[in-house]
Amino acid sequence: MNSIAVKDLQKTYAGALTPSLQGLSCTFAEGTIAGLLGPNGAGKTTTISILCGLVEPTGGTAEIFGIPQTPANREAIKRAIGVVPQQIALFPQLTAYENLRYFGNLYGFSGRPLREKIMQHLEAFGLEKAAHKETGRFSGGMKRRANIIASILHEPKLLVLDEPTAGVDVQSRSMILQFLREYNAKGNSVIYTSHLLEEAEQICEEVAIIDEGKLVTQGAPSDLIGRHAHCRNLEDVFLHYTGHAVRD
Amino acid sequence: MLRIIATIRKEWLLLRRDKAGLALLFAMPLVLITVMALIQDAPFRDYQEVQFDILTVDKDQGRLGRYIREGLQASGQFQVIDSLNGQPVSEEAAKEMVGEGKYKISITIPKGATAEIVSNANKIVNDISKRMGLPAQLPVKALSNDSLAVQLYFDPAAKKAFKSAIHQALDNFLTQVETDLLLERIQLQLRNRDSTQQDTFPAIRLKAVALRETSVGEGKQIDVISNSVQHNVPAWSIFAMFFIVIPIAGNMIREREDGSLVRMKLIPGNYLSVLSGKLLFFVGICIVQFYLMIMVGLYLLPQLGLPQLQLGVDHLAGFLVAASIGVTATAYGILIGSVFKTPNQALNFGAVSIVILSAIGGIWIPLEIMPEAMQHIGRLSPLSWGLDAINDVYLRNGHIRYVLPDLAKLLCCGGAMLVIAAMVEQRRIG
């Protein structure tokens with residue numbers, strides 16, 4: 001079973017001159033930590049948005065655990081998937097606890113079970129002392145960690161993270177990566193996008209590199225590195241496929 | 001239900017921590033209403049409670065001058081002044097002081113005015129007597145080439161309506177004096193003809209039919225609409241309630257920008273329940289706002305010397321009107337928050353559009369005194385529907401059935417705005 005499978009995925013936004021996705025096809029096996037990599041504008045966020053049901057594709061199909069992403073299946077997919085957006089999608093005027101309680105309520109949790117769940121996650125992410133502090137006053141790392149907690153309250157089988165470690169310090173990054181490993185060890189699937197290729201190489205069992213809305217290569221990081229004699233790491237592989245031209 | 005309650009609690013926490021937002025929603029409208037009611041009190045009182053000083057120069061010293069003085073005093077709106085510093089006012093001095101704006105009006109009763117009226121009455125009675133074959137006995141003055149006139153001087157800044165009201169009042173007094181004197185002369189002539197019936201001769205009744213004003217409402221004060229509090233408190237309350245579009249639109253755009261909207265949409269369950277919680281919360285805030293402002297009209301403004309706000313007889317109807325206005329205002333905020341991409345665009349458009357809708361909707365000045373074309377346009381403004389409904393309840397003592405058409409318009413308009421907002425959001429997904 002694949003955690004995700006996209007086939008010939010196409011998307012052209014209204015008014016856009018060029019398509020964002022031009023027949024992207026790729027699959028990730030269930031229970032793996034997979035990386036969706038690509039330069040700016042490659043189509044990573046559009047792919048994730050289609051997988052979550054936030055954007056309708058112009059063509060092609062997307063499946064999550066074999067369920068086609070259609071309006072009829074949207075609720076079932078939402079229950080199976082947790083998305084950590086790149087932005088800190090929390091209310092800065094609310095405390096971490098209030099934010100998590102609100103999103104927990106939206107997931108249908110309430111009362112003591114929710115309280116315990118929140119406190120457990122806050123503790124796991126080292127935020128228990130800041131539980132009643134407004135998130136607007138958090139450091140970058142604290143915000144990122146709280147952002148992740150808000151997406152895993154319903155314990156999704158698939159966790160999709162968009163740049164989860166952008167702008168955080170070494171300690172926070174280490175804590176986040178450790179959490180991803182542990183979450184994956186429980187049998188859950190993780191897909192994440194990042195520009196930090198060293199980090200992807202370190203954590204991902206499989207990566208897909210996409211560019212200009214198409215898949216350019218896919219495989220385990222070590223396999224991809226081994227395919228090209230001049231490539232010493234994933235960054236070299238990335239540059240080999242996507243070139244050195246700066247993207248806007 | 002949990003999602004709705006959670007959203008209401010979240011919105012409450014967000015608002016509670018937004019001091020500027022709280023001030024915008026509650027403190028500023030209270031100040032606005034108080035200031036507007038105080039400022040507009042004078043124009044509303046112009047022809048009712050405010051007493052104007054009127055300079056009178058009575059060169060006649062007869063019955064006409066007395067009637068005019070007594071009539072003006074009796075109206076309660078004028079203070080007749082015929083001497084300054086113990087000296088009678090001269091016509092020249094009066095003209096000068098009115099010209100300088102120290103007084104709004106001066107009246108000069110010419111010498112011989114009463115005698116002229118008496119002579120004219122005598123002439124009429126003599127003519128009638130002659131035609132009836134009776135002797136014409138009453139003295140008549142020789143015809144004068146110069147017709148006498150009561151001379152009026154107005155402050156150049158006096159309003160046209162004020163001048164017209166004074167003209168009408170004085171014309172009334174003149175007619176009254178002339179009629180009274182004519183009737184007196186007729187009685188006198190009749191008495192002269194048959195002096196034996198002098199004591200039993202019935203008095204001629206001047207007014208056979210009187211005017212009487214009766215309220216069409218139930219126990220309503222007829223003049224209540226004419227005061228500043230009764231117009232300003234409901235009108236500016238509606239205006240302030242519509243200003244809720246600013247925090248709503250700002251809040252929605254911020255949620256979209258910081259990604260929390262995406263998070264909410266990714267959570268299983270209909271996003272409409274989140275939107276419903278938001279709608280209920282802000283409608284609740286609108287109702288609280290409205291009743292706070294009503295309390296200003298009930299308790300604070302009377303302390304400042306203004307009349308107390310009258311609330312009509314059907315309080316449930318008043319509540320439903322406030323809630324319906326709240327629904328429309330909140331829906332408008334959600335629409336603006338959905339359509340505009342940046343807080344600046346939304347806030348500027350929101351504020352300016354409310355000012356325009358309120359101006360054409362009769363919030364600033366009543367619709368009735370606007371040009372006809374503007375009245376038609378104004379009746380399309382939701383603020384005018386709200387004000388109409390409030391006036392139906394507070395001024396006409398209307399019950400729910402009186403306000404149903406306006407409530408239906410407000411709720412339909414709110415519903416339409418929510419549908420458009422949903423379509424805009426839907427289009428974004430595409």
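General observations
- The residue that is farthest from A:L24 (Cα to Cα), counting only those in the range A:44-67 that are touching a strand residue (DSSP E or B) at 6+ places or on another chain (Cβ under 6 Å) and more than 13 Å from chain B (Cβ to nearest Cβ), is A:E63.
- For the range A:220-248, the set of residues classified as open to solvent by less than 60 Å² (accessible area, probe 1.4 Å), small (G, A, S) and more than 21 Å from A:N40 (Cα to Cα) consists of A:A220 only.
- In a residue-by-residue description of the range A:50-68, the property of being within 14 Å of the chain's Cα centre (by Cα) and closer than 28 Å to A:L239 by Cα applies to at least one position.
- Candidates A:I148, A:I152, A:I191, filtered to the one that is under 13 Å from the mean Cα position of the chain (by Cα), over 21 Å from A:L37 (Cα atoms), open to solvent by less than 30 Å² (accessible area, probe 1.4 Å) and β-branched (V, I, T): A:I152
- Residue within the range A:117-132 that is more than 19 Å from A:L161 (Cβ to Cβ), hydrophobic (A, V, I, L, M, F, W, C) and free of Cβ contacts under 8 Å to residues at least 24 places away in the same chain present: yes
- Selected residue (only one of A:I4, A:I67 is of a type in the set (A, V, I, L, M) and surrounded by fewer than 17 Cβ atoms within 10 Å (Cβ to Cβ)): A:I67
- Of residues in the range A:7-28 being farther than 16 Å from A:E56 by Cα and buried (at least 18 other Cβ atoms within 10 Å of the Cβ), the one nearest to the other protein chains (Cβ to nearest Cβ): A:F28
- A:E134 being within 14 Å of chain B (Cβ to nearest Cβ) and charged (D, E, K, R): yes
- Note on the range B:89-198: enclosed helices (runs of 4 or more DSSP H) holding 1 or more residues that are among the polar types (S, T, N, Q) and assigned by TED's automatic domain parsing to the domain that holds B:T56 are B:113-131, B:160-193.
- Of all residues making up the range B:314-356, the number that are open to solvent by 50 Å² or more (accessible area, probe 1.4 Å), out of contact with any Leu (no Cβ under 9 Å at 6 or more places or on another chain) and part of a helix (DSSP H, G or I): 12
- Only one of B:I81, B:I68, B:I5 that is at pLDDT 85 or above and either within 25 Å of B:I238 (Cβ to Cβ) or in contact with a helix residue (DSSP H, G or I) (Cβ under 8 Å, 6 or more places away or on another chain) (or both): B:I5
- So A:G104, is it over 22 Å from the mean Cα position of the chain (by Cα) and closer than 21 Å to B:L261 by Cβ: no
- Close pairs from the range A:217-229: first of a type in the set (S, T, Y), partner open to solvent by 30 Å² or more (accessible area, probe 1.4 Å), Cβ under 8 Å, at least 6 apart: A:T217/A:Y241
- Near pairs, Cβ below 6 angstrom, 6+ apart or cross-chain, from the range A:83-95 (more than 7 Å from every other protein chain (Cβ to nearest Cβ) and assigned to a loop (DSSP other than H, G, I, E, B)) to any residue that is open to solvent by less than 60 Å² (accessible area, probe 1.4 Å) and at pLDDT below 85: A:Q86/A:E163
- Scan of the range A:109-156 for residues that are of a type in the set (K, R) and under 23 Å from B:L2 (Cα atoms), ordered by number: A:R112, A:R115, A:K117
- Sole residue being on the phi < 0 side of the Ramachandran plot, assigned to a helix (DSSP H, G or I) and not aromatic (F, W, Y), chosen from A:L159, A:L114: A:L114
- Exactly one residue out of A:G41, A:G31 is within 24 Å of A:H195 (Cα to Cα), open to solvent by less than 60 Å² (accessible area, probe 1.4 Å), part of a loop (DSSP other than H, G, I, E, B) and away from every other protein chain (no Cβ under 14 Å), and it is A:G31.
- Filter result (in a loop (DSSP other than H, G, I, E, B) and either within 7 Å of another protein chain (Cβ to nearest Cβ) or in contact with a Leu (Cβ under 9 Å, 6 or more places away or on another chain) (or both)) within the range B:1-17: B:R17
- One residue alone among A:Y102, A:Y97 is over 20 Å from A:G141 (Cα atoms), of a type outside the set (G, A, S) and modelled with pLDDT of 90 or more, and that residue is A:Y102.
The values are calculated or read from the model by the stated rules, or taken from the named source; none is laboratory data. In this text the structure is predicted, and so the values were computed from the model without any measurement. For neighbour counting, all protein chains shown are included, and Cβ atoms are generated from backbone atoms with ideal geometry for every residue, glycine included. When the accessible area is computed, the model is the full protein with side chains, heavy atoms only, and any ligands, DNA or RNA have been set aside. Shrake-Rupley method; radii C 1.70, N 1.55, O 1.52, S 1.80 Å.
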